[in-house]
Each structure stands twice: as C-alpha cells, then as structure tokens.
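This report refers to the structure that appears directly beneath it.
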Amino acid sequence: MKKLIPYFLSGLLSLTFILVTGWIAFYSYTSIDALQHFCFYFHLYPFRIGFTGGSSSSIILYYLILWIVISFLMILVVKFIGSLKCKKCVTRSILATLVLVVITLTTIDFVIKKQKGDRISRSLEEDNKNYNSLRTGDIIFHTPINYGSKDNRIAIIDVDIHGYTVLEITDRVQHSSLRAWTQKHKNYIVKRLVNADSIFTKKNIRLFRTERQKFIFKPIDTLYCWTDDEIYDSELIWKTYQRALDIELCKIDTLLFANKNIPEQENCQEVFFVSPNSILESKKLVTIIEK
C-alpha cells in the first residue's frame, strides 16, 4: 500500500496543477503577464476551447494525456522528496510556500479585479451616454466604403449586460469594443432593420447570437469562396442574418469576378461576393446614426 502513495500524491498534485492553472486562465486576473499567458495558452491553445468549439472527445483526450504526463513528472518529484532525510521539514516548507503564493496571488487578484471593475463601470457609463440608441443586430459601417481598401470595415453590434461590442474581422472573426472600433474608424454609419422591433424578440436575439458565435475565430477569406472555413466581413453579416432570421439583406453578386483571372479560386466550389455597399444600400435597413 505504501508503494502506491507516491503515485496517488503525484496524480493529486497533477490534478491540482491543472485546476489552478485553469482558474488563473479563465477566472482570475494577475499582474504577472507571463503567468497569465502561460495558463491561458496551456488550456486554450490546443483546441481553442470555448472559441471554435473543439470536439468534446478531443478536449477530454487532451486533458487526460496532460494529466498523465504531469503525473509522471510529479512522481519523480515526490520520490525525490521521499528520499530526503528531513521529510517533514521539506513538506512543511513546500506547504508554507504554497500558502504564501496563494495568499499573494489572491491579494493581487482582488486589487486588480477591483481596479478593473472601476474601469468597467466608468466605461459603461460613458458608453451608455454615447451609444444608448443602439441595439443588438445593428450593423455599423466604416465610411466611405472604397473597394480594395484595407480599411473597409463592416461589423455587427451587440448590446448586453457587459456593454457594447462589435463582431468584426481583422485577420480572424473576433469581438471588439464598440468604443475602440469607433475611435479607430472615426467616420461611420449605423443601420438597423426597418422592422427590427418585431424581428428582434428575445428568442430571435438568442438565435442571432448563437448563429453569430459559430463564426468566432474563423480566418479572413481573401478569395471570396462561399464556404464557412474562411469568411469576409460582409459575408459574415449576410450569413448571420440569413441563417438566424431567414432575412437576405441584399442580393449575392456572382458577376464581380467574371472577368478576373484568379487561379486560387479554381479550388472554390462557389465564388460569390456580398459587397459592404450592397448591404449599406439595402432597402431593408434604415440609418440610425451617421458620423
């Protein structure tokens, strides 16, 4: 029975390590950037858990292998400690160090969360003054829209208890602060469905958000293939509305590339283009803000 104790302790320590790093990665904020980044990528990167919806089986397999590997390393540590003469002294030193680390990190965590909470409160107060007329589903355009410009941007606005955000595409689909978006792009137009009050019910807002989230972390599509593997900004808006609400904001343009020779597009089953300007000029939308 005593021979199994090192294995039991190593497995327990391994599990504790995974849980603590998970807590730091997803629920805590520390002032130690290196620690935060390590914990974040340690849990998130292999399958981009929570963003691309990695399969549950692959996630379970990843954590099982991770637990086994760390447990094996912990066995070496436990056996080394067990071989020392003053075992109690070493054990007490380790426990005291762990307690000190936990107290320190908890204190830092409390201070940072309080500071962050104060910043969020001030930001929400400011956003409520500037964007109180906006609603979930509104579409924001960076103007003027010039084809071929790298500065072209079209995004979906979301308003919830956490504030005002946009779903946009830089190199990938991601959420950004509406305030940061407007500060960056300066000139913009916000449009809304003509019958938004009757369309965006609580049920439809949930459907809209669910459909929109399916595109999170998708890479930008520079070839305009009509697939979900990669996606461009106006395609994101068009597909979200069509799939969640069965609303086609505008017609899909199939003639844009008729006279262009783009060899890479030979691998595309379908090559369509929804221009930001077509959505901007859609008769199903009405202008809410123009700056």
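Readers should treat all values here as calculations from the given coordinates under stated rules, not as data from a laboratory. In this text, all values refer to a predicted model and were calculated from it rather than measured experimentally. We place every Cβ from the backbone using ideal geometry, glycine too, and count neighbours over all the protein chains shown.
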Please list, in order along the range 219-226, the HN-Hα scalar couplings obtained from phi with the Karplus expression 6.51 cos²θ - 1.76 cosθ + 1.60 (θ = phi - 60°), rounded to whole Hz, x for Gly and Pro. x, 5, 9, 9, 9, 6, 6, 7
For F42 and R92, extending 7 Å from Cα along the Cα-Cβ vector and measuring point to point gives, in nm, a value of 2.9
Could you sort out which of K251/K284; K191/K283; K214/K284; K214/K239 sit more than 20 Å apart by Cα distance in this structure? K214/K284
Distance in nm between label sites at V286 and I59, each 7 Å beyond Cα in the beta-carbon direction? 4.2
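How would W226, W23, W238 line up from fewest to most surrounding beta-carbon atoms within 10 angstrom?
Final ranking by Cβ density, sparse to dense: W23, W226, W238.
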Which cross-chain or sequence-distant (5 or more) residues have an amide H under 5 Å from the amide H of T143, H modelled 1.01 Å from N in plane? N187, Y188, I189
For F272, other-chain or 5+-apart residues with amide H closer than 5 Å (H placed, Pro excluded) are W226
What full-extension length gain, to one decimal in nm, is calculated for W67 and T21 as 0.36 nm per residue of separation minus the Cα-Cα distance? 15.3 nm
What are the ³J(HN,Hα) values, in whole Hz, obtained from phi via the Karplus relation 6.51 cos²θ - 1.76 cosθ + 1.60 with θ = phi - 60°, for each residue of the range 282-287 in sequence order, with x given for Gly and Pro? 4, 6, 7, 10, 10, 6
